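Notes follow the structure.
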Amino acid sequence: MTSHFLAIFGNPVAHSKSPLIHNYFFKKMGTQLGVKGCYTRYQLENGEEIKEKFLQLGLTGANVTIPFKREAFLYADRVEGIAQKMGVVNTLVRRGDEVVGYNTDAPGFLEAVKEFKFENVLLIGAGGSAKALSWVLENVEVVNRSSGRLDYFKKRGIPAYSWEEFTPKSYDLVVNTTSAGLTDNSLPLPEPMAREVLKRAKYLVDIIYGKETPIMQLAKEMGLQVKGGEEMLIYQGVLAMEHFLNRPLPREKVASLYREILRG
Ligand SMILES: NC(=O)c1ccc[n+]([C@@H]2O[C@H](COP(=O)([O-])OP(=O)(O)OC[C@H]3O[C@@H](n4cnc5c(N)ncnc54)[C@H](OP(=O)(O)O)[C@@H]3O)[C@@H](O)[C@H]2O)c1
């Protein structure tokens, strides 16, 4: 039996579902895999102390959420995989004397949409989530309410437009990465523009989880295949657990456990 001491760092962190899903994993699959673990929350005040706290708490692994993903990248001893390009880390793992950083947010999104057949993608929004997804998607364009955040994409050759500059093309997959619809009933694009984009698309993913947002409702009405953000949350967790245990897992089996506990 190997033991794993895990936590999520963030501020605020009380709302996080990570302890729920990962503790459930250990309860349901721990014995058969020969692992024991417990997963808790830690509200960090100062991101510069992330590695120090990780070591002080005797953790073997951690997830990192807003607002410390950049600090996790900066203070990890080493960063592996797509996180090197992204410059943000959401998973820290103790490997010998080192604290190693990974990112499972964007790879988790890809796992969540693996049954969709798409060639080109429109990301609505230009915040942290859109930035992360832009590293794992090809043939991607960005549209955002304002122009302030577009340079990050343009510098990397990704076409990026404000609403005023945007002329919709044909996209197979449309992803809402904005918080429009999270606590209100707004669409992430003006309605005529949203309809124009959706009428030529096959799939709509909203990364907001826990509710059916107005853009999900509109896309359903227009006949698209629709997915909410729960699946991205689930698969980033599955991939993080693989890093914590340092071994591949039966992903679909673990994902269905996480689905089961999240749906209560
Ligand atoms: N499923 C998951 O695992 C997962 C993971 C991470 C985040 N999320 C969700 O993703 C959402 C965004 O997170 P984030 O960290 O990327 O946020 P962020 O960095 O704060 O960026 C927010 C983006 O949304 C746009 N926006 C906000 N309100 C809008 C509105 N009413 N209409 C149109 N655009 C609007 C902003 O446009 P401006 O630039 O014009 O302000 C900006 O581009 C949150 O709802 C969060 O819950 C889900």
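Is at least one residue of segment 135-142 assigned to a loop (DSSP other than H, G, I, E, B), more than 12 Å from the ligand (Cβ to nearest atom) and farther than 15 Å from Leu122 by Cα? Taking every residue of segment 135-142 in turn, none turns out to be assigned to a loop (DSSP other than H, G, I, E, B), more than 12 Å from the ligand (Cβ to nearest atom) and farther than 15 Å from Leu122 by Cα. Among residues of segment 180-201 that are open to solvent by 40 Å² or more (accessible area, probe 1.4 Å), those with a beta-carbon under 9 Å from a residue that is among the basic types (Lys, Arg) and within 13 Å of the ligand (Cβ to nearest atom) at least six positions away or on a different chain give the pairs Leu182/Lys211. Closer than 23 Å to Tyr39 by Cβ and without any contact (Cβ under 8 Å) to a residue 40 or more places away in the chain: is that true of Gly101 in this structure? So Gly101 fits the description; yes.
Filtering Leu123, Leu92 for residues that are surrounded by 23 or more Cβ atoms within 10 Å (Cβ to Cβ) and either in a loop (DSSP other than H, G, I, E, B) or outside the structural domain of Tyr42 (by TED's automatic domain parsing) (or both) leaves a single hit, Leu123. Taken across segment 51-73, residues that are over 23 Å from Lys17 (Cα atoms), out of contact with any Ser or Thr (no Cβ under 9 Å at 6 or more places or on another chain) and assigned to a loop (DSSP other than H, G, I, E, B) do not occur at all. If I filter segment 167-188 for residues that are outside the structural domain of Ala62 (by TED's automatic domain parsing), within 9 Å of the ligand (Cβ to nearest atom) and closer than 30 Å to Val35 by Cβ, do I get at least one hit? No, the conditions are met nowhere in segment 167-188.
Within segment 30-50, if we keep just the residues that are more than 23 Å from the chain's Cα centre (by Cα) and either free of Cβ contacts under 8 Å to residues at least 24 places away in the same chain or not in a strand (DSSP E or B) (or both), the residue that is surrounded by the fewest Cβ atoms within 10 Å (Cβ to Cβ) turns out to be Gln32.
Conditions (1) within 9 Å of the ligand (Cβ to nearest atom); (2) over 20 Å from the mean Cα position of the chain (by Cα); (3) under 28 Å from Ala7 (Cα atoms), marked per residue:
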{"site": "Glu191", "(1), (2), (3)": "no, yes, no"}
{"site": "Val197", "(1), (2), (3)": "no, yes, no"}
{"site": "Glu212", "(1), (2), (3)": "no, no, no"}
{"site": "Val226", "(1), (2), (3)": "no, no, no"}
{"site": "Ala240", "(1), (2), (3)": "no, no, yes"}
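Figure legend. Inter-residue proximity from segment 7-27: first residues assigned by TED's automatic domain parsing to the domain that holds Thr91, second residues among the acidic types (Asp, Glu), beta-carbon distance below 8 Å, spacing 6+ or different chains. Indicated pairs: Asn11/Glu45; Tyr24/Glu260.
The values are calculated or read from the model by the stated rules, or taken from the named source; none is laboratory data. Computed from a predicted structure; not experimentally measured. So basically every Cβ, Gly included, is an ideal-geometry build from the backbone, and we count neighbours across all protein chains shown. Please note that ligands, DNA and RNA were not included when accessible areas were found on the heavy atoms of the full protein model with its side chains. Shrake-Rupley method; radii C 1.70, N 1.55, O 1.52, S 1.80 Å.
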